[in-house]
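Some notes on the structure that comes next.
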């Protein structure tokens with residue numbers, strides 16, 4: 001009798017439908033800060049690494065899994081082209097339409113004259129060798145193929161350029177983004193991105209941090225991609241005027257997003273401050 005009951009129970013259990021719990025959406029971020037460059041003709045920065053580290057901590061507070069690469073880290077976390085692309089590949093593997101991926105870059109960026117391509121310069125990049133840098137179009141392709149529902153690029157680049165004949169800033173007209181992609185650029189074409197000892201950040205990243213900490217709340221008390229992008233675009237020119245003695249820096253938004261805005265900070269989040 002005991003044996004019969006056990007076998008019948010097994011058959012009954014196997015016959016029941018499986019109700020597996022839905023996996024939680026993934027939120028991943030790769031954050032890069034390049035304070036020092038291998039090529040002496042490229043200017044170094046004070047706060048690019050700090051931009052990446054502090055923003056990474058902020059995003060972790062809201063459930064993101066982060067990978068940070070800066071010039072004061074171990075070899076595997078140096079912001080070289082190889083390491084940056086490897087980190088992006090690892091972060092984007094296995095993503096679904098329920099997931100979100102974010103990439104933040106603080107450092108040198110170029111819009112080379114006579115080229116229809118914009119580049120980010122890793123630590124080992126050479127400003128006159130396009131193959132040593134990371135094309136923004138290459139990043140857009142990586143994110144389009146990743147399959148995430150939302151992909152965000154925050155590019156705090158183009159701060160200085162050793163060649164005065166080169167265009168500064170990234171020309172938004174040259175960037176075409178696919179569905180589900182949002183790009184926020186720190187400055188417009190022919191402008192620089194500034195960093196300031198007063199804030200100890202690049203002005204663009206400083207505005208992002210202030211927004212995530214509550215300044216970018218929408219009417220319902222949430223910080224969404226839409227409210228954050230609007231806040232950054234409004235704040236950066238004001239902060240540049242105040243902290244940089246009247247200099248201009250205006251952020252740009254390029255987006256092709258569908259559906260409700262992604263929520264970084266819920267309205268009742270205890271992390272909001």
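Out of all the residues in region 229-258, which are assigned to a loop (DSSP other than H, G, I, E, B) and either touching a residue at least 24 places away in the same chain (Cβ under 8 Å) or surrounded by 15 or more Cβ atoms within 10 Å (Cβ to Cβ) (or both)?
244, 247, 248, 249, 250, 251, 257, 258
When only residues in region 5-47 that are under 30 Å from residue 156 (Cβ atoms) and surrounded by fewer than 10 Cβ atoms within 10 Å (Cβ to Cβ) count, which is modelled with the lowest pLDDT? Lay out the reasoning, then the answer.
Filtering region 5-47 for residues under 30 Å from residue 156 (Cβ atoms) gives 24-47.
Cutting the leftovers down to surrounded by fewer than 10 Cβ atoms within 10 Å (Cβ to Cβ) gives us 24, 40.
Numbers: 24: 83, 40: 60.
So the residue we want is 40.
Restricting attention to region 185-218, report how many residues are surrounded by fewer than 24 Cβ atoms within 10 Å (Cβ to Cβ) and under 21 Å from residue 256 (Cα atoms).
So the count comes out to 3.
Can you name the number of the only condition in (1) modelled with pLDDT under 95; (2) assigned to a helix (DSSP H, G or I) that residue 87 fails?
(1)
List every residue pair whose Cβ atoms lie under 6 Å apart, where the two residues are 6 or more positions apart in sequence or sit on different chains, the first residue falls within region 122-148 and is over 20 Å from residue 45 (Cβ atoms), and the second residue, located anywhere, is part of a loop (DSSP other than H, G, I, E, B) and modelled with pLDDT of 90 or more.
Here the result reads 146/95; 147/95; 148/95; 148/99, each pair linking region 122-148 to a residue that is part of a loop (DSSP other than H, G, I, E, B) and modelled with pLDDT of 90 or more.
Among the residues of region 108-156, what is the count of those that are closer than 18 Å to residue 69 by Cα, out of contact with any strand residue (DSSP E or B) (no Cβ under 7 Å at 6 or more places or on another chain) and either surrounded by 20 or more Cβ atoms within 10 Å (Cβ to Cβ) or at pLDDT below 90 (or both)?
3
Checking the condition farther than 12 Å from residue 34 by Cβ and out of contact with any helix residue (DSSP H, G or I) (no Cβ under 6 Å at 6 or more places or on another chain), which residue from 97, 81 passes?
97
Among (1) farther than 17 Å from residue 200 by Cβ; (2) in contact (Cβ under 8 Å) with a residue 60 or more places away in the chain; (3) assigned to a helix (DSSP H, G or I), which single condition is residue 51 missing?
Only one criterion is unmet by residue 51, namely (1).
What single numbered condition from (1) in a helix (DSSP H, G or I); (2) modelled with pLDDT under 90; (3) under 19 Å from the mean Cα position of the chain (by Cα) fails to hold for residue 173?
Residue 173 satisfies every listed condition except (3).
The values are calculated or read from the model by the stated rules, or taken from the named source; none is laboratory data. All figures in this text were calculated on a predicted structure; none of them were measured in a lab. Using ideal geometry, Cβ is built from the backbone for each residue, glycine included, and neighbour counts are taken over all protein chains shown.
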